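Presented below is the structure to which this report refers.
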């Protein structure tokens with residue numbers, strides 16, 4: 001029976017080649033555009049640290065005197081001031097906590113006559129490596145004691161290590177930054193969490209990777225160059241050490257709900273205690289964002305990309321309405337044929353199945369075309385100079401999703417016309433002719 | 001005229017007609033908003049930066065040795081860059097429009113009050129910044145040589161609290177002093193007043209800001225003294241590439257212990273800064289065209305199937321005296337009625353979508369003139385799409401009436 005209906009469907013589709021092709025193109029365009037954007041948003045909203053993200057939290061205390069200067073930049077106070085970061089760090093109320101900031105250093109190469117290198121990385125504190133599970137090819141991070149005594153140590157990415165020391169890890173060798181020597185104590189394996197959640201993610205969260213890590217306190221001590229936004233309120237210059245300037249990111253590791261609520265309590269207590277010293281004029285309202293919530297709050301998927309997704313879905317909707325209308329008109333045009341079949345004894349279910357299969361054929365063809373268009377769309381996204389461009393490719397689940405969307409969509413689009421067709425009464429149509 | 005038979009025929013295809021109307025409405029609603037977003041992006045991309053864009057080139061330098069005096073380094077570098085043949089002027093600055101290095105400061109009009117305060121981007125540079133960037137001074141004067149102070153980056157830009165003069169853009173002047181008498185008035189970056197001695201026509205900010213605040217910039221007579229600095233040179237458009245090459249070699253020759261990077265023309269800088277908006281305009285255009293295509297297919301397809309279904313009726317009408325023109329007009333009028341229904345719905349949808357976009361993406365209100373334009377475009381699209389099937393219908397010979405189906 002199925003083969004017969006398929007044959008009928010193909011015959012019917014062949015009868016109107018131009019409109020069959022146009023319907024397939026409509027389904028294909030709608031599916032292709034939607035799958036391109038769904039894939040892009042899917043890879044951009046992926047968990048950067050799937051094994052650990054459930055235990056990582058970003059504490060937020062707002063030191064800003066209420067609305068001042070906030071309207072133009074609602075994220076001005078998302079970072080911490082240096083005194084607050086150091087207070088939270090030294091209190092050590094979580095099983096792991098680290099403060100960090102974007103960094104840029106110039107490194108003298110040991111090669112004679114070579115130009116110095118300008119590299120970007122992060123200044124971090126000791127727990128950074130264990131908390132995020134940073135993999136090392138050789139050596140490791142540093143200790144709390146190293147932090148406190150402003151040790152001149154550095155961990156390199158494998159790429160920077162290769163550039164400076166060739167293929168073998170340069171553990172124990174020195175790197176000259178400014179006019180200070182830093183000892184290499186660790187060389188990382190490939191570690192590029194996307195988005196780079198721990199960075200100051202305003203605007204650019206994708207396509208970045210760090211070439212080095214060195215202790216935050218050492219960097220402050222030596223007045224090395226910082227990167228990322230620095231937001232200050234009040235008078236008297238933009239000094240990184242004051243409690244008026246926010247610029248540090250801070251992460252804590254909390255293993256269970258009890259620790260989470262205890263930490264929330266600690267943050268609220270800290271806020272009240274600081275109010276007693278005349279700071280934090282806003283009412284006590286600490287926040288503790290889970291990693292994925294933090295990324296959502298920071299809008300790591302840019303507004304333009306979200307807009308493109310909605311546009312693609314809207315387009316798919318229009319395409320589907322289009323297909324429903326066309327199939328309906330097409331099926332109803334064949335009312336005579338249907339009523340004859342019904343008069344000859346075909347049950348409603350059989351008519352419904354026959355036309356359902358015809359819709360599904362359009363869906364399968366449209367799905368194949370949509371897949372090709374989605375691959376083309378993703379290729380064009382990869383040509384964009386944005387940081388997320390390289391992530392834009394389909395995995396198996398997205399591939400299956402495309403197909404299900406295409407076939408499901410067209411079968412759904414065919415339901416109404418097929419139902420309408422099977423309601424055609426045999427007698428009346430026969431009488432008319 | 002023939003409205004009544006058309007309407008009564010349409011009521012027998014309620015579902016199909018409603019679907020087509022829905023399709024036209026969706027297309028109308030989306031296309032109106034898409035067209036508006038395209039206009040917005042293009043306006044943003046083509047806003048004047050105030051810079052003589054075809055004549056300006058820039059190159060970054062990062063000092064490596066912490067013991068070098070940055071100000072002395074800049075003085076020597078700028079002198080050497082000015083000596084390059086073809087270079088009309090050169091300066092060292094901390095930022096230029098679109099380079100992303102954005103130092104935003106709040107400027108007050110009263111010493112200790114936020115009343116009328118504006119948040120503006122601060123530009124610092126060595127003498128000659130106005131001529132080198134090609135800024136158009138519309139009132140007042142440039143800074144005098146005696147007014148320049150070091151930025152004092154070692155103390156986090158404390159120079160901004162000591163400076164006594166400032167040049168602002170017209171947009172910022174109007175924001176701070178709406179009465180239009182900004183020249184000679186004082187602003188307070190910190191507690192010290194800085195007198196507005198000049199007003200420039202335009203100067204875009206280094207990074208993106210809210211609509212309306214894109215031109216809030218202030219130039220201060222502060223000499224950059226950081227290890228990282230941008231050298232800006234003005235030259236004839238045809239010399240730009242050549243000048244950049246020589247500038248790179250010159251800087252490396254003067255001091256090899258530094259990183260010279262990102263040599264680029266201002267035109268390149270602008271192109272990079274707006275690449276996302278260009279991509280977006282392309283995508284929005286593609287979406288509008290694709291929507292129009294899909295809707296045209298729907299209209300033409302429906303008419304096609306209806307012509308097939310009504311061949312016999314058309315034949316009878318022809319046989320009892322209807323002309324080809326009558327049949328053609330019948331289908332055109334029918335299409336006009338359906339599209340009109342869709343357009344009415346679509347204009348409501350356009351306004352609703354705009355309201356949602358206003359909340360989610362800070363898109364401004366859709367100007368009213370988009371609605372009649374959107375309606376006209378869809379009517380035209382409908383008439384074009386229906387023309388083929390309608391002509392086929394008009395060609396049905398009267399003899400069809402005598403044949404059985």
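Every number in this text was worked out from the coordinates using simple rules, so none of it is lab data. This is a predicted model, so every value here is computed, not measured. Please note: Cβ atoms are built from the backbone with ideal geometry, for glycine as well, and neighbour counts cover all protein chains shown.
Where does each of A:264, A:196, A:37 land when they are ranked from fewest to most other beta-carbon atoms within 10 angstrom? Mind showing how you got there, number by number?
Numbers: A:264 16, A:196 21, A:37 27.
Lowest to highest Cβ neighbour count: A:264, A:196, A:37.
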Ranked highest first by average number of other Cβ atoms within 10 Å, how do A:350-357, B:347-354, B:244-251 line up?
-> A:350-357, B:347-354, B:244-251
More than 22 Å apart: what percent of Cα pairs in the range B:176-303 qualify?
-> 65 percent
Asserting the computed 222 nm helical MRE of chain A (DSSP H runs at least 4 long, -39500 (n - 2.57) per run, divided by residue count, to nearest 500) equals -16000 deg cm²/dmol
Shape category assigned to the range B:320-405 from the gyration tensor of Cα positions, a/c cut at 1.5 | prolate
In whole percents, the bins of 10 Å from zero upward hold the Cα-Cα pairs of the range B:109-182 as 15, 44, 36, 4
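Compute the relative contact order of the range A:53-297 as a whole-number percentage, counting only Cα pairs closer than 8 Å that sit 6 or more residues apart in sequence. Before the final figure, lay out each step's value.
On the way: 469 pairs, mean separation 84.4, N = 245.
After rounding, I find 34 percent.
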Nearest 10, in degrees from 0 to 90: the angle of helix A:2-15 to the longest Cα principal axis of chain A is 90 degrees
Restricting attention to the alpha-carbon atoms of chain A, what are Rg (one decimal) and Dmax (integer), both in Å?
-> 30.6, 100
How long is the gain from residue B:275 to residue B:326 if the chain were fully straight, where each residue apart is worth 0.36 nm and the alpha carbon distance is subtracted?
-> 13.1 nm
Give the distance, in whole Å, between the Cα centre of the range A:282-329 and the Cα centre of the range B:379-405.
-> 43 Å
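With a Förster radius of 22 Å, plug the Cβ-Cβ distance of residue A:46 and residue A:383 into 1/(1 + (r/R0)^6) and report the FRET value to the nearest 0.05. Write down the numbers at each step before the final one.
On the way: r = 21 Å, r/R0 = 0.96.
For R0 = 22 Å, the calculated efficiency reads 0.55.
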At q = 0.15, 0.16, 0.19 Å⁻¹, base-10 log of I(q)/I(0) for the range B:65-256 (Debye sum, equal scatterers on each alpha carbon) | -0.89, -1.00, -1.33
Just for the Cα atoms in the protein assembly as shown, what are the lengths along the principal axes, largest first, rounded to whole Å?
-> 103, 62, 57
How big is the range A:53-297 on each of its three principal axes, counting only the C-alpha atoms and giving the largest first in Å?
-> 58, 42, 34
The range B:189-244 and the range B:65-141: distance between their alpha carbon centers, rounded to Å = 5 Å
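Mind checking B:14-25 for the average number of partner chain beta-carbons within 10 Å of each residue's beta-carbon?
Partner-chain Cβ atoms within 10 Å, mean over residues of B:14-25: 5.
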Cα→Cβ-extended label distance, 7 Å offset, between residue B:249 and residue A:174, nm = 3.7 nm
Rounded tilt (10° steps) of B:275-309 against the dominant C-alpha axis of chain B = 0 degrees
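With N set to the number of residues, divide the alpha-carbon radius of gyration of the range A:115-252 by 2.2 N^0.38 Å and report two decimals. Show your work: numbers first, answer last.
Numbers: Rg = 15.3 Å, N = 138, 2.2 N^0.38 = 14.3 Å.
Working it through for the range A:115-252, the quotient is 1.07.
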In chain B, if every C-alpha pair distance is counted and binned at 10 Å from zero, what percent goes to each bin?
-> 4, 18, 20, 15, 11, 10, 9, 7, 4, 1, 0
When A:192, A:233 are ranked with the fewest other C-beta atoms within 10 Å first, the list becomes A:192, A:233
Nearest 10 degrees, 0 to 90: helix A:17-44 Cα axis against chain A principal axis = 20 degrees
Exposure proxy check: A:379, B:306 ranked by fewest other beta carbons within 10 Å?
-> A:379, B:306
So, with points 7 Å from each Cα along the Cβ direction, the residue B:261-residue B:293 label distance in nm works out to 4.2 nm
Residue A:223 and residue B:65 label points (each 7 Å along its Cα→Cβ direction) are spaced in nm at 1.8 nm
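Tell me the volume per residue, in Å³, of the convex hull enclosing the alpha carbons of the range A:315-433. It would help to have the intermediate numbers written out before the result.
Details: hull volume 11.4 nm³, N = 119.
Measuring per residue, one finds 96 Å³ for the Cα hull of the range A:315-433.
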In nm, what is the difference between 0.36 nm times the number of residues separating residue A:290 and residue A:191 and their Cα-Cα distance?
-> 33.5 nm
